[in-house]
1. Ranking request for peptides 147-160, 130-143: highest mean number of other beta-carbon atoms within 10 Å first, then the rest in descending order.
2. Scan [x] -0.33, -0.48, -1.16; [y] -0.31, -0.45, -1.05; [z] -0.44, -0.59, -1.09 for the value of log10 I(q)/I(0) by the Debye sum over Cα atoms at q = 0.10, 0.12, 0.18 Å⁻¹ calculated from this model and give just the label.
3. Name the residues whose placed amide hydrogens come within less than 5 Å of the amide hydrogen of S41, ignoring near sequence neighbours (fewer than 5 apart) on the same chain.
4. Which far-off residues, 5 or more places away or on another chain, put their amide H under 5 Å from the one on G27, with H placed in the peptide plane?
5. Label V8 and T39 with points 7 Å out from Cα along Cα→Cβ: what is the distance between them in nm?
6. Enumerate the residues in region 15-32 having an amide nitrogen under 14 Å from the point lying 7 Å beyond the Cα of V151 toward its Cβ.
7. Straight-line reach from K99: which lysines fall under 30 Å, measuring Cα to Cα and dropping same-chain residues less than 8 apart?
8. State the Cα centre-to-centre distance between region 92-135 and region 1-64 in whole Å.
Amino acid sequence: MRVMTLGVGDLGAAKDPGIVVRTHALGSCVAVLLLDPKTRSVGMVHIALPESKINNVKAQEKPGYFADTGVPALIKEMGRIGCKGNGKGMIVKLVGGAKIMDPNNTFNIGKRNVLAIKKILWSLKMGVVAEDVGGSISRTVTLGVDTGRVVISSSGRNDWSV
């Protein structure tokens, strides 16, 4: 098994058997996971913030950092490995978007990330079929090419799937 590890703002796609895509420490960040059943390809982006307008330079350097640039960049990356249709027909799942270190809901970054991502997906006529978002826990998520299974883990808990 080969692991493609994504950091904050990273994105990746894979179609070769034996590859898993993983990202760690999703607090308020959100992982958008795409599965293309036709090509048996998977992709993931680790989004930190909802809108790129706060830092256009960073958005150019690392489009996955923001929801409005990360989702289109992931779809483009999926196309690069052979997926067709600009996201149409792909299975979409979301993980993360927790409320971490924000007890008074001052910034609400997790919720804002989830809403921004869904708005972009809806504009592309893509809907989320499963999600594990919100709460107050950090999550690690793994997506395997072989099974398309999404496995979520968090310290002190048993693994679960969406």
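1. Taking the mean over residues of other Cβ atoms within 10 Å, the ranking is 130-143, 147-160.
2. [y]
3. Here the answer is D36, since their amide H atoms fall under 5 Å of that of S41.
4. Answer set, sorted by chain and number: R139.
5. Using points 7 Å along Cα→Cβ, the separation is 3.0 nm.
6. 18-23
7. K53, K58, K62, K76, K111, K118, K119, K125
8. Computed from Cα coordinates, the inter-centre distance equals 15 Å.
Computed from the coordinates by the stated procedures, all read-outs in this text should not be read as laboratory data. The model shown is predicted, which means the values in this text are computed figures rather than measured ones. Virtual Cβ from ideal backbone geometry, glycine too; neighbours counted across all protein chains shown.
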